[in-house]
Amino acid sequence: MKVALFWHRRDLRRHDNAGLAAALQSGLPVVPLFIYDTDILDHIPRPQDARLTFIYDEVERLAGQTEAAGGTFLARYGKPAEVFQQLLRQYDIGAVFANEDYEPYALRRDTAVAELLEEHGVALTLLKDQVIFAKNEILTQSGKPHRSFGPYRTAWLAALRPDLLHPYPSAELFAPARLVRLLDAVPRPTLADMGFERLEQYVPAAELPTDDLVRRYHETRDFPGLVNSSTRRSVHLRFGTLSVRELMHQAQTLNPKLLAELVWRDYFMMLLWHYPFTAYESYEPRLREVPYRNDETEFQRWCAGQTGYPLVDAGMRELNQTGFLHNRARIAVASFLIKHLLIDWRLGERYFADKLLDYDLALNVGNWQWVAGTGVVAAPWFRVYSPASQLRSYDPELEYVHRWVPEFGTSTYSTPLVEHKAARQRAIDTFRQAYQTAGHR
């Protein structure tokens, strides 16, 4: 019997799933598939990993839903191309469906799998699912990517049609008549089978935030000390346990500021697709040779939340303990690392990659380069945020600081690593020299 595979990646849900809906309407019985990709897992530094634990639990949830509906859910461990070679030998595969992924590794992976499948007469059909507009859909009048977010957002909103936020009928189509039970399916790998152990961190439910929270979002979003100051749905958007369409529809109805913040996801993913080298290199050529100090002792104190600047320390401790970091604190800690300590933004980006439960390459790189002043879209390289001013503006009652830095205000609290005024001037001088030197070459 010919079957269609639906390959789950960043879309760990049954409802409102573009690729899954297409597979279920293909006329072939569908077998959902997830691959624990060793090209990714082999780079995880520790056997306890909260992201992998989250993914594993969601895969098992999907497997349970599939079995309850009368089908089989396949989960395999290995390199994707090698897994597909095995599946092609084992099953009569008529088609493979998946949703698009725009990261550099994902593009290489999908190209290799598509070529392998084509050799066997099987098409890999990719659907747009994790964004509303991708690739070349929103460009300037001259056909180039927008270098500023404001004009991109304006063009994005002008192009938005109501049907683009309509849900796909994947949940309704997910029925016994469109699935198949494979009697020879091998058991799904466990975390232990893959050499990992459970590490659980708090994640809010995979459901829309309350309407009240969304209505107040523009008033609360900048204050990390407030409970429910943001939606905290970033991890669900990252792994597709929530549909971006359903959250955008809610935001469009209730709060345009939240919708604008969600548009940043489309923007950064588009930029990474156009400029994949920015995953590891500054976009701005005149700032590719900034002589960063990269002091290892100071970097470790930043990592540990022991800089002597309470907003920075609170942010790093929240990140280390929970895998989450409020957006305002992300800006504060990133700016401090790059400008006050003159440490390469890529070291901070990699640390976030290790710690953030919601880690997304496009958004992480885009935001780090924005703060550094080196990105396609960027704050001015000479902007250096004052940690003290940020603290007064965004945590005036010190609720956030006292939650994560209980020793603040006592003799046991760390002394400041650097003095703000001197560090600010050093950063400006260093970046200016690099910028001017490169411009004269």
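All of the numbers you see were taken from the coordinates with simple rules; none came from a lab. Treat the numbers as computed from the prediction; the structure is a model and nothing was measured. Note: ideal-geometry Cβ built from the backbone for every residue, glycine included; neighbour counts use all protein chains shown.
Observations
- Take the Cβ atoms of Thr253 and Ala159, set R0 to 30 Å, and the FRET efficiency comes out at 0.95.
- Modelled FRET efficiency - R0 22 Å, Arg232 with Glu397, Cβ distances, 0.05 increments: 0.60
- Under the span-like rule (Cα at least 18 Å along the axis, Kyte-Doolittle mean at least -0.5), DSSP H helices of the chain: 50-68, 104-119, 256-274
- Label-point gap, in nm, between Thr415 and Ala260 - each point 7 angstrom along Cα→Cβ: 4.4
- Amide H contacts of Gly373 (H built 1.01 Å from N, under 5 Å, at least 5 apart or other chain): Ala379
- Largest GNM mean-square fluctuation across Ile428, Ile40, Ile331, computed for the chain with C-alpha springs under 10 Å, falls on Ile40.
- With the simple model of a label 7 Å out from the Cα in the direction of the Cβ, Met194 to Arg215 spans 4.2 nm.
- Seen from Leu363, the other residues with C-beta closer than 12 Å to its C-beta sum to a net charge of -3, counting Lys and Arg as +1 and Asp and Glu as -1.
- Förster-model FRET efficiency, 25 Å R0, Ala81 and Asp184, C-beta, rounded to 0.05: 0.70
- J(HN,Hα) series, segment 125-133, from Karplus relation 6.51 cos²θ - 1.76 cosθ + 1.60, nearest Hz, glycine and proline x: 9, 10, 10, 7, 9, 8, 9, 8, 10
- Long-range HN-HN contacts of Thr125 with modeled amide H, under 5 Å: Val96, Phe97, Ala98
- Dimensionless Rg ratio for segment 2-129, taking C-alpha atoms and the 2.2 N^0.38 Å reference: 1.02
- Simple Cβ-charge dipole of the chain, Lys/Arg +1 and Asp/Glu -1, about Cα centre, in debye nearest 20: 1120
- The convex hull built on the alpha-carbon positions of segment 338-422 has an orientation-averaged projected area of 7.0 nm².
- 5 angstrom amide H check on Val31, placed H, neighbours 5+ away: Ala4, Leu5, Phe6
- Estimated translational D of segment 218-276 in µm²/s (Stokes, Kirkwood radius over Cα pairs; 25 °C; 0.890 mPa s): 195
- For the chain, the Rg and Dmax computed from alpha carbons only, in angstrom: 23.1, 73
- Cα-centred dipole magnitude for segment 2-129, charges only on beta-carbon of K, R (+1) and D, E (-1), debye, nearest 20: 180
- Here segment 285-436 is treated with +1 on each Lys and Arg Cβ and -1 on each Asp and Glu Cβ, and its dipole about the Cα centre works out to around 520 debye.
- Of the cross-linked pairs Lys257/Lys421; Lys79/Lys144; Lys257/Lys355; Lys79/Lys339; Lys2/Lys79; Lys128/Lys339, those separated by over 30 Å at the C-alpha level are Lys257/Lys421; Lys79/Lys144; Lys79/Lys339; Lys128/Lys339.
- Reduced Cα scattering model of segment 285-436, Debye log10 I(q)/I(0), q = 0.08, 0.10, 0.17 Å⁻¹: -0.20, -0.32, -0.95
- Note on segment 49-86 and segment 364-441: Cα centroid distance 42 Å, given to the nearest whole angstrom.
- Each of His340, His43, His326, His146 was scored by other Cβ atoms within 10 Å of its Cβ. Arranged with the fewest first, they read His43, His146, His326, His340.
- When the chain is described by a simple charge dipole with +1 on each Lys and Arg Cβ and -1 on each Asp and Glu Cβ, the residue from Leu247, Phe54, Pro189 located farthest towards its positive end is Leu247.
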